[in-house]
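Heads up, the thing below is written out as structure tokens.
The values are calculated or read from the model by the stated rules, or taken from the named source; none is laboratory data. Keep in mind it's a predicted model, so treat the numbers as computed, not measured. No Cβ is skipped: glycine too gets one built from the backbone with ideal geometry, and neighbour counts run over all protein chains shown. Calculation scope for accessible area: heavy atoms of the full protein, side chains included, ligands and nucleic acids excluded. Shrake-Rupley method; radii C 1.70, N 1.55, O 1.52, S 1.80 Å.
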Amino acid sequence: MLKKIFIGLGVFVALILAAIVLIPMFVDVNKYRPEIQKIVEDKVNADFTIGDLKLSLWGGVYVNVSKIVLSEKGSKGAKIIFAVNDAKLQVPF
């Protein structure tokens, strides 16, 4: 009986680890980038550029962003308000 419980727990842990590894491979968070840019531009009334997004599930839900730039709305030579090269958004479990 105890052996069956340990086997069941082992299978459960293996499934959780497989999900942590495989989900980020199949979920493309970059498909949300245009929607995020539009929402921020509408709310802040400025031009917003966001770089490549990557999802990770080790120890929490992490979204790594390669570049974020917020600049005045308008021409190409607009003044940059805020810029970050690498950022990480974390949502703990």
Count of lysine pairs in the chain with Cα atoms under 19 Å apart, counting only pairs 8 or more residues apart in sequence or on different chains?
-> 13
Per residue, accessible area of the chain with a 1.4 Å probe, heavy atoms of protein chains only, in Å², comes to 77 Å²
Rank G60, M1, I39 by how far each Cα sits towards the positive end of the charge dipole of the chain (+1 on Lys, Arg Cβ; -1 on Asp, Glu Cβ) and give me just the farthest.
-> M1
Tell me, what % of the accessible area of the chain is carbon and sulfur with a 1.4 angstrom probe?
-> 66 percent
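Please get the size of the charge dipole for the chain, origin at its Cα centre, with Cβ charges of +1 on Lys and Arg and -1 on Asp and Glu, quoted in debye to the nearest 20.
Charge dipole, the chain, about its Cα centre: 240 debye, nearest 20.
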What angle do you read, to the nearest 10 degrees and between 0 and 90, between the alpha-carbon axis of helix 2-26 and the longest principal axis of the chain?
-> 20 degrees
Computed lengthening from D42 to A14, 0.36 nm per intervening residue step minus Cα-Cα distance | 5.7 nm
Range of Cα positions in the chain per principal axis (Å), largest first | 71, 19, 19
